[in-house]
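The values are calculated or read from the model by the stated rules, or taken from the named source; none is laboratory data. Given the structure is predicted, the values throughout are model-derived calculations rather than measurements. All Cβ positions, glycine included, derive from the backbone under ideal geometry; neighbour counts span all protein chains shown. Side chains included, ligands, DNA and RNA excluded: accessible areas come from the protein's heavy atoms. Shrake-Rupley method; radii C 1.70, N 1.55, O 1.52, S 1.80 Å.
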Amino acid sequence: MKKIKNIAIVGGTHGNEYTGAYLIRQMAQNSFQEQWAELNIELIMANPQAYKKGLRFIDYDLNRSFTKAALADFSLSGYEANRAKALMQKLGSKENPKMDFIMDMHTTTSNMGITIILADNNDYNFKLAAYIQTQIPECYIYYMPAESTMHSTEHCFLIAMAPLGLAIEIGAIPNGVIRHDINKKTQQVIDITLDFINQTNKGCLPKINNPVTVFKHKKTVDYPVDSTGEINAIIHQDLQDRDYQKLTKGDAIFSTIEEQTITYNEDEDLYPVFINEAAYYYKKTAFSLTEKIMVKNTLN
Ligand SMILES: [Zn+2]
């Protein structure tokens, strides 16, 4: 396998997720590159304008802006449409990437602990995620194949700008807040990832979990709305904070404005994530559902 040399570590893709933005500054000040002399590391503050204003984005979600069509469309207006093209100068295009690997740091208001998000079924990415799990047993692996998301054939995420990579999603933490413990956990995932890359570059595959438990994205669930389209229910207290815990038919999921309970009504047991994520209210998304699968690391 080709050596992984050029690595982008990205923070502030969502401007109100301060953990990544802070860690980018911290790594830049602490001569982080010198600790990883065999690798070329680019530290990138992805959405500086949104960060300055403490907003997720100015005009459009930057982490939904990386489709080939959007990157090629110069008639698109708005800060993030331009910012995505500016980032392409550093990251290269999808056809001709400059980076071998991208790590993008995010936080969530949902109780998702340490989550590694994988955007494709690349074998290396799964091995890396499995390795992170051997080092941090409580971390979750959340797999979002392109066909399960809104852009059915192609990912719009920033990490899709390199052949390999992952997003780190840690919570629960409010937007606009920095916590020492969450900084530490995020940095730990970065360090473990770079260590794995270094080891595999030298031709050794560290010991990893096999098979590995993966939560595969299935769909999102919207809040109930009234006749004017306004949300008229909240996440039920029995569902709140129960990310990655099995949902079975009959379990309470919403409490309506009339204090009626709405229950999960599907025959299949699924696993909710992004429960009560603040950033998704504007889309009226209440949570996502995943299926729990086992993935075998075949080359192990
Ligand atoms: Zn984010």
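A few remarks follow.
- Taking the range 1-37 as the range and being within 16 Å of the ligand (Cβ to nearest atom) and of a type in the set (S, T, N, Q) as the test, the residues that pass are 13, 16, 19.
- Some residue of the range 127-140 being more than 20 Å from residue 42 (Cα to Cα), part of a loop (DSSP other than H, G, I, E, B) and open to solvent by 20 Å² or more (accessible area, probe 1.4 Å): yes
- Check on residue 176, on the phi > 0 side of the Ramachandran plot, under 13 Å from the mean Cα position of the chain (by Cα), modelled with pLDDT of 95 or more and surrounded by fewer than 24 Cβ atoms within 10 Å (Cβ to Cβ): no
- Total residues in the range 59-99 satisfying the condition of being open to solvent by less than 60 Å² (accessible area, probe 1.4 Å), within 16 Å of the ligand (Cβ to nearest atom) and assigned to a loop (DSSP other than H, G, I, E, B): the figure is 3.
- Meeting the requirement of 1 or more residues that are open to solvent by less than 50 Å² (accessible area, probe 1.4 Å) and touching a residue at least 60 places away in the same chain (Cβ under 8 Å), the strands (runs of 3 or more DSSP E) wholly within the range 182-300 are 212-222, 271-273, 285-295.
- Residue within the range 40-51 that is part of a helix (DSSP H, G or I), surrounded by fewer than 16 Cβ atoms within 10 Å (Cβ to Cβ) and more than 16 Å from the ligand (Cβ to nearest atom) present: no
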